[in-house]
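Undergrad: The following block contains the structure, expressed as structure tokens.
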Amino acid sequence: MSAVILESITKQYGAAPAAVSNVSFEVPSGTFTVLLGPSGCGKSTTLRMIAGLDTPTSGRILIGDRDVTQLPPAQRRISMVFQSYALFPHLSVRENILFGLKVRKEPARDYDRRLGYVAELLGLAQLLDRKPAQLSGGQQQRVALGRAVISEAPVCLMDEPLSNLDAQLRHEMRREIRGLQQKLGITMIYVTHDQTEAMSMADQVVLLQGGKVEQLDVPDRLYARPRTEFAARFIGTPPMNLMALAADGSRIAGCEIPFEQPVSPLARKLGVRPEHIRLTHMEGVPARVQGLEYFGADTIVVCTVGENTGITLRVPGHLQARVGESVRLAWPAEAEHLFDQSGLAIRAGS
Ligand SMILES: Nc1ncnc2c1ncn2[C@@H]1O[C@H](COP(=O)(O)OP(=O)(O)OP(=O)(O)O)[C@@H](O)[C@H]1O
Ligand SMILES: [Mg+2]
């Protein structure tokens, strides 16, 4: 078994606020966990501690029931892929892939079999004699993956491995990495700041902010039941709309029409996802069209609702509307999320 467990991990660099603060999570063996969050939230620091490239100030790390907190990287049975794939330019694809095995002095009689398997799996068989400079970005990425896969380590750590690739290739590589992880039953911990990547690849997402775990959940629940305003805004494109409420909870701030039922007096903001809002002319709250963004399959309409600007909704096709036009917006009660003064969800909608 190769589950990875972090127990109250903290990393302090000098007098600065902790880069990682009391972070705990468990990655079950053979599953895919994404560490997600904005720049500087502690993703790489967390991954480097799991890899053994950095030591926690306090806390424990277990890999497959073994306390590895003080062990060097070579003794942790992990493989790693980083943003800069760091292929050796003077070595061929074959030599790049075999490099780690040679350094670790693994038995040479296995090289051909293992190389053959990896080359087949990653579609590199025709490229083994080329140098990295003779490969496309996606092919180089696959060589970097090949180095990780050939190690046959049960745990693989990846830090933003796709950030150098264009959008199309990223998409393909996401699927390839996920497919590979499932096929080989690898325990994967994958760092990204891209929420679409996290949502589409992960079994479990650890959302980090300021070195702390903001929410740890499966993608569905992270989307449907964000526990904080931060989580609500970080996941989804466009993000969840957050509308300020009047102090007595009777209406949206600046909106003449009260709710049928006032919301909790503790609620300060009402959250609704763009895809749950309908554009109507008869029912719902009055709004004014601020702008339109056409994306082919759908149009994002940006509106002002009472005192709230930048409220977005998604409508199918190419919506023709005038900027400044008066409309009404409606949404089902189940789609409503309420947040209190401190940004915590009071009641999650669906
Ligand atoms: N060696 C170091 N010495 C001092 N501070 C560090 C060191 N490494 C990281 N930090 C700080 O720790 C915090 C977390 O950094 P980290 O690299 O983990 O962020 P990240 O989430 O990976 O961000 P990004 O998305 O930009 O890669 C940052 O404030 C960073 O400045
Ligand atoms: Mg980083």
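The values are calculated or read from the model by the stated rules, or taken from the named source; none is laboratory data. On a predicted model such as this, the values are computed, not experimentally measured, just so you know. Quick reminder, even Gly has a Cβ in these numbers, built from the backbone with ideal geometry, and neighbours come from all protein chains shown. Just so you know, the surface numbers come from the protein's heavy atoms only, side chains and all, with ligands and any DNA or RNA stripped out. Shrake-Rupley method; radii C 1.70, N 1.55, O 1.52, S 1.80 Å.
Undergrad: Select from the range 298-350 the residues that are among the hydrophobic types (A, V, I, L, M, F, W, C) and in a loop (DSSP other than H, G, I, E, B) and write down the one among them that is surrounded by the most Cβ atoms within 10 Å (Cβ to Cβ).
TA: Top of the filtered list is W331.
Undergrad: Okay, next question. Go through the range 182-221 residue by residue and tally those that are of a type outside the set (A, V, I, L, M), buried (at least 19 other Cβ atoms within 10 Å of the Cβ) and within 13 Å of ligand 1 (Cβ to nearest atom).
TA: 6
Undergrad: Taking L266 as the residue in question, decide whether it is open to solvent by 70 Å² or more (accessible area, probe 1.4 Å), aliphatic (A, V, I, L, M) and either farther than 20 Å from F234 by Cα or modelled with pLDDT of 95 or more (or both).
TA: yes
Undergrad: Now, a different point. When the residues of the range 286-297 are filtered to those that are assigned to a strand (DSSP E or B) and of a type outside the set (A, V, I, L, M), which remaining residue is least open to solvent (accessible area, probe 1.4 Å)?
TA: G291
Undergrad: Taking interchain pairs and intrachain pairs at least six residues apart, which have beta carbon atoms under 6 angstrom, with the first residue in the range 34-48 and closer than 12 Å to Y190 by Cβ and the second among the aromatic types (F, W, Y) and more than 6 Å from ligand 1 (Cβ to nearest atom)?
TA: Close Cβ pairs satisfying both conditions: V34/Y190.
Undergrad: Further, regarding this structure: Pick from F82, F25: which is surrounded by fewer than 21 Cβ atoms within 10 Å (Cβ to Cβ), closer than 27 Å to L184 by Cβ and either among the aliphatic types (A, V, I, L, M) or more than 16 Å from ligand 2 (Cβ to nearest atom) (or both)?
TA: That would be F25, the only listed residue that is surrounded by fewer than 21 Cβ atoms within 10 Å (Cβ to Cβ), closer than 27 Å to L184 by Cβ and either among the aliphatic types (A, V, I, L, M) or more than 16 Å from ligand 2 (Cβ to nearest atom) (or both).
Undergrad: Can you tell me how many residues within the range 30-48 are outside any loop (DSSP other than H, G, I, E, B), open to solvent by less than 40 Å² (accessible area, probe 1.4 Å) and either within 9 Å of ligand 1 (Cβ to nearest atom) or touching a Gly at 6+ places or on another chain (Cβ under 9 Å) (or both)?
TA: Of the residues in the range 30-48, 5 are outside any loop (DSSP other than H, G, I, E, B), open to solvent by less than 40 Å² (accessible area, probe 1.4 Å) and either within 9 Å of ligand 1 (Cβ to nearest atom) or touching a Gly at 6+ places or on another chain (Cβ under 9 Å) (or both).
Undergrad: With M173, M240 as the choices, which residue is open to solvent by less than 40 Å² (accessible area, probe 1.4 Å), without any contact (Cβ under 8 Å) to a residue 60 or more places away in the chain and not acidic (D, E)?
TA: M173
Undergrad: I'm checking my understanding of the structure. Among residues of the range 67-77 that are at pLDDT below 95 and within 23 Å of Q204 (Cβ to Cβ), which one is farthest from ligand 1 (Cβ to nearest atom)?
TA: R77
Undergrad: Does the range 56-78 include one or more residues that are under 18 Å from V191 (Cα atoms) and small (G, A, S)?
TA: no
Undergrad: Another one. Identify all residues within the range 49-76 that are crowded, with 17+ Cβ neighbours inside 10 Å and closer than 18 Å to S151 by Cβ; write none if there are none.
TA: I50, A51, G52, I63, V68, R76
Undergrad: Name the pairs whose Cβ atoms lie under 7 Å apart, with the first residue in the range 73-93 and assigned to a loop (DSSP other than H, G, I, E, B), the second surrounded by fewer than 15 Cβ atoms within 10 Å (Cβ to Cβ) and among the acidic types (D, E), and 6 or more positions between them or separate chains?
TA: Close Cβ pairs satisfying both conditions: S92/D129.
Undergrad: Anything in the range 113-155 that is more than 17 Å from L91 (Cα to Cα) and open to solvent by 70 Å² or more (accessible area, probe 1.4 Å)? List them, or say none.
TA: R113, Y117, E120, E152
Undergrad: Quick check, is S24 more than 9 Å from ligand 1 (Cβ to nearest atom), in a strand (DSSP E or B) and of a type in the set (S, T, N, Q)?
TA: Answer is yes for this residue.
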